[in-house]
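Q: I'd like to ask you about the structure that follows.
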Amino acid sequence: MKERILVNLFIAFIIFPMYPLLKSFIEMDVLNNSKQFSGSFSSYIMANWEVILMMPVLSLIFILLPYNLLLFHLSKSYRLSLLQKILLFLGILVALTILFGTIVNLWMTPLWKNVLYIIAFSPLSVISASLIQRFADRGDIRLSRAI
């Protein structure tokens, strides 16, 4: 259980904030696209530090907590493969996008642009589900084999 908590904290405080920051860094510094922010990348981080600090807490509550609860519930009845865990994680991210997309008028854009969210969330789902599988679920598998 300690491993699961540590892995979830690592994902929430390291992986989730780095994902949009890496996208912003590539857009701002590598591609020299200054539509979002006219300053440098470091000034962008300083201007958005509140969002960067709130992201781990919100990701723990809205993404990782439901994922782990569903994982515990489903693992009682089924033995889930890594692909099923990745699809479960991706499903939670897509469901949250649909839920919050209705609030922020995400549906005003064409449908084919909204499908790109699935492609954008796929690497995050693979990384997060794989880390949880590798470092947290292995202990659960060893315990179930010992019993």
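Q: Could you grab me the full set of residues in segment 99-122 that are of a type outside the set (S, T, N, Q) and touching a helix residue (DSSP H, G or I) at 6+ places or on another chain (Cβ under 8 Å)? Outline the logic, then answer.
A: Of the residues in segment 99-122, the ones of a type outside the set (S, T, N, Q) are 99-101, 103-104, 106-108, 110-113, 115-121.
Result: Phe100, Gly101, Leu106, Trp107, Tyr117, Ile118, Phe121.
Q: Name the helices (runs of 4 or more DSSP H) wholly within segment 31-147 that hold at least 3 residues that are at pLDDT 80 or above and surrounded by 10 or more Cβ atoms within 10 Å (Cβ to Cβ)? Break it down stepwise before answering.
A: Details: elements: 41-47, 49-59, 65-77, 82-101, 111-114, 116-131, 138-146.
By residue number, 49-59, 65-77, 82-101, 116-131.
The values are calculated or read from the model by the stated rules, or taken from the named source; none is laboratory data. Every value quoted in this text rests on a predicted model; they were computed, and no experiment measured them. Please note: Cβ atoms are built from the backbone with ideal geometry, for glycine as well, and neighbour counts cover all protein chains shown.
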